[in-house]
Amino acid sequence: MQYSPRRGKARQVKRSVKTLSTQCKPARYVLVIAEKPKAASRIALSLSNGFKPYTCRHRSGVPYWIVRYNNETYIVAPAVGHLFGLYTESRGFPVFNYVWRPLWEIDEESKYTRPYYETLKDLSQRASAFINACDYDIEGSVIGYLIIKFLGDERRAYRVKFSTLTRKDIRLAFSRLQPMDYEMIEAGLARHELDWIWGINISRALMDAVRNITGKRVVLSAGRVQSPTLAEAVDRDLARKLFVPIPSYAIIVTLEKDNWRSSLTVGLLENKDDALKTAKTIGRRGYAIVIRKTYDRKNINPPYPFNLGDLQSEAARLFGYSPYYTQRIAEELYLDGLISYPRTNSQKIPATIDVKSILDNLSTIEPYGTLVRYILSRTPNPRPYNGPKDDPAHPAIHPTGELPREPMPKPKQRIYDLIVRRFLASMATPAILVHERVVFELPGGYTLAITGEKIVDKGWIEVYRPYARVKERKLPLFVEGEKVPFKLSIRTKFSEPPQPYTKIELVKWMEKQGLGTEATRARIVELLFKRGYLIERGKYIYATDLGVSLVRILRRYFPEIISTKLTRYFEQKIADIISGHARREEVLAEATIVLRKVLEKYKKTAIEEAGIDIAQSLGILKPTERCFICGRQAYADRLCSYHYNALRKLRDRFHEWIRRGEKVSYVEYLKRINRLRITGQFIRDVVKYELKNYSTEENREQA
């Protein structure tokens, strides 16, 4: 019998484990490094031969596990994410010399990493070999590599690749040990070093400018991916605040039959007189004649299996979850062994994945059993309908087939159910719809068409039913030649401002622009909120004064740095390192040249001006002349740059209103603009100012 510290009682273990030291320090062993404690526990359990691994606890309090695998002793020990970070003793900027140091030494908020560092340092001393078993992505490669480099011996190091934390996948991965993945390591190191030199230099340039002018230390931060993303969110918010609605004129025809009614737009015209002429030609009332009916049978293919971006989008649409929250829940499900690795761009389930076994396991629990039987009744050997996006490291997100051992919290259950149903739906048959189109002729030769849809075979919709968005649109029975009464009206429609971003839309924008990675985008968006640059009202994103000021300052003094073009260029360079078409040293050297040139020019010509600008924007220095509307630093005509631009735009748009046939005075135009809820806030501010001015002038004329 042997004592288990975790169980606190004696239990029977295999004879081969009895030889392990009761002090939890075997003579020689292979050290397996996992990214997190939960992953380490699952790896140890998977490697053991039917018995729970021998659990030990380091003097620092961190648990680790001893197992016998392939007649060797393995110790599986966890990190807790990154244990090393970049550091420099140099002050000021530009600075390009740095070293990797333990995070707990250089960052007060990372003190919690010290016990893990101490545990791995101690265990590395007697290890005969090292295996990096961190997540198989750039971050996991860097985490494991730095631990082995600084605490162990990379000459005796190996890498394992698995996409699920199931016993089968883990044992298969350990039977196929690979060399260290130096292309991913180099790309990961390059990304960290690029982000560091970018962030520290621009941040110091901004903070030093303020300190030189005011003597005060203000914390400001900028980032290689963070700043272009912030600029996009700020630009969208400013576009809304500077929005002036422009009228257009919609010709609306309302058809009626029995209890059915439908309003359709015949045309949207820019000129009011043209709209009146069109309405006169058609007539305010009359009959529309059915001239054609067509039917089309449409197949709607199943949805693709999830990649992380698609999962985040669906969770935001269905549950209102932020991208970062969805990612965290998915990572928990992965660590529980219930789903595959979630930080993937792939929409493909390769043939190597045993779909049949997954279906067999899912069929044992309801409601998935019913859905599996439904799929198999239509397709005896189903395979997922794969999408175009791929990821060389991991397949699309899918359930592993392992069943939940205990009830899950509601958010976790929701995400798990969404992933399972999406996986199952991808293997179902297409949905079949009948598409009906009816074309009407109006007086004057104008035509309009209405469409209806009816589902004749639900196919995959039956599987994805709670989340599917396909809706039927039923039409009454129309006969060719039939006359259907209509009424016509003209509605003034105003142009709409751009919608404010949601978190998921901003993440999608980053993906489209090629900024960041699946693993980092949601985290970067959350960081912008943490810094106080953005706020959320309901589900929409708005910029704070600090965020707006920071973007304006970065754009004025560092236009190259804040551009998506430059950031995207270096993202491609990082990808080139992975593919072997670029070297880390070359990429960093190129970035250093770009940064040094920009920073030295700023230091010589703009740092004093920037310091005053930033200090005034933050309210540390009083403006030399205030905007009489908002109190910001005046730009021109006693208005800040925002209200000055709003006034110019407001006056320009008045001429556009007149051109479109609106016969209004300037004062009436202002009043109508002010009544419209879609008018931007900066525009509203100057409308009040303009109305006050014109009211004063009218009073003088009357006097």
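How many residues, within the stretch 69-89, are more than 19 Å from residue 114 (Cβ to Cβ) and surrounded by 23 or more Cβ atoms within 10 Å (Cβ to Cβ)?
Number satisfying all stated conditions: 3.
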Sole residue being outside the structural domain of residue 462 (by TED's automatic domain parsing), more than 23 Å from residue 165 (Cβ to Cβ) and either touching a residue at least 60 places away in the same chain (Cβ under 8 Å) or outside any helix (DSSP H, G or I) (or both), chosen from 380, 392: 380
Filtered residues of the stretch 406-447 (kept if basic (Lys, Arg) and either surrounded by fewer than 16 Cβ atoms within 10 Å (Cβ to Cβ) or within 22 Å of residue 350 (Cα to Cα) (or both)): 410, 421, 422, 437
Test: residue in the stretch 125-144 that is out of contact with any Gly (no Cβ under 9 Å at 6 or more places or on another chain) and surrounded by fewer than 15 Cβ atoms within 10 Å (Cβ to Cβ): yes
Some residue of the stretch 282-292 being surrounded by fewer than 18 Cβ atoms within 10 Å (Cβ to Cβ) and small (Gly, Ala, Ser): yes
Elements of type helices (runs of 4 or more DSSP H) in the stretch 252-336, at least 3 residues being over 14 Å from the mean Cα position of the chain (by Cα) and charged (D, E, K, R): 272-282
Filter result for the condition that a residue is touching a residue at least 12 places away in the same chain (Cβ under 8 Å) and within 29 Å of residue 90 (Cβ to Cβ), over 204, 236, 240: 204
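Within the stretch 496-567, considering only helices (runs of 4 or more DSSP H) that don't extend past its boundaries, which have at least 1 residues that are more than 28 Å from residue 140 (Cα to Cα) and not β-branched (Val, Ile, Thr)? Walk me through how you get there before you give the answer.
Working: elements: 503-513, 521-530, 545-557, 559-562.
Fully inside the stretch 496-567 and qualifying: 545-557, 559-562.
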The one condition in (1) assigned to a loop (DSSP other than H, G, I, E, B); (2) within 30 Å of residue 323 (Cα to Cα); (3) not β-branched (Val, Ile, Thr) that residue 416 fails to fulfil: (1)
Residue tally, condition within 39 Å of the chain's Cα centre (by Cα) and not in a loop (DSSP other than H, G, I, E, B), over the stretch 37-55: 12
Considering residues of the stretch 555-587 that are closer than 26 Å to residue 509 by Cα and among the aliphatic types (A, V, I, L, M) only, the residue surrounded by the fewest Cβ atoms within 10 Å (Cβ to Cβ): 575
Evaluation of residue 643 against (1) part of a helix (DSSP H, G or I); (2) over 30 Å from residue 207 (Cα atoms) (one fails), failing number: (2)
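When you look at residue 631, is it in contact (Cβ under 8 Å) with a residue 60 or more places away in the chain and surrounded by fewer than 19 Cβ atoms within 10 Å (Cβ to Cβ), yes or no?
Spelling it out, it is not the case that residue 631 is in contact (Cβ under 8 Å) with a residue 60 or more places away in the chain and surrounded by fewer than 19 Cβ atoms within 10 Å (Cβ to Cβ).
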Pairs, first over 27 Å from residue 182 (Cα atoms) in the stretch 584-599, second part of a helix (DSSP H, G or I), C-beta under 7 Å, six or more apart: 598/560; 598/561; 599/201; 599/205
Residue within the stretch 665-675 that is more than 44 Å from the chain's Cα centre (by Cα), at pLDDT 90 or above, outside any helix (DSSP H, G or I) and surrounded by fewer than 16 Cβ atoms within 10 Å (Cβ to Cβ) present: yes
Number of the condition not met by residue 101 [criteria: (1) at pLDDT 90 or above; (2) buried (at least 19 other Cβ atoms within 10 Å of the Cβ); (3) touching a strand residue (DSSP E or B) at 6+ places or on another chain (Cβ under 8 Å)]: (2)
Single residue of 259, 345, 301 found to be free of Cβ contacts under 8 Å to residues at least 24 places away in the same chain, of a type outside the set (Phe, Trp, Tyr) and surrounded by fewer than 21 Cβ atoms within 10 Å (Cβ to Cβ): 259
Exclusive hit being under 30 Å from residue 570 (Cα atoms) and surrounded by 14 or more Cβ atoms within 10 Å (Cβ to Cβ), set 512, 508: 508
Residue check, residue 512 free of Cβ contacts under 8 Å to residues at least 60 places away in the same chain, more than 15 Å from residue 325 (Cα to Cα) and of a type outside the set (A, V, I, L, M): yes
Members of the stretch 351-361 that are surrounded by 12 or more Cβ atoms within 10 Å (Cβ to Cβ) and part of a loop (DSSP other than H, G, I, E, B): 353
So residue 364, is it under 23 Å from residue 300 (Cα atoms), surrounded by fewer than 13 Cβ atoms within 10 Å (Cβ to Cβ), among the polar types (S, T, N, Q) and more than 22 Å from the chain's Cα centre (by Cα): no
Odd one out for residue 210 among (1) assigned to a loop (DSSP other than H, G, I, E, B); (2) in the same structural domain as residue 601 (by TED's automatic domain parsing): (1)
Only listed residue being in a helix (DSSP H, G or I) and either at pLDDT 95 or above or over 22 Å from residue 547 (Cα atoms) (or both), chosen from 662, 656: 656
Hits in the stretch 384-425 (condition: among the acidic types (Asp, Glu) and in contact with a Gly (Cβ under 7 Å, 6 or more places away or on another chain)): 402
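The values are calculated or read from the model by the stated rules, or taken from the named source; none is laboratory data. None of these values were measured; they are calculated from a predicted model. Cβ sites come from the backbone with ideal geometry, for glycine too, and all protein chains shown count toward neighbours.
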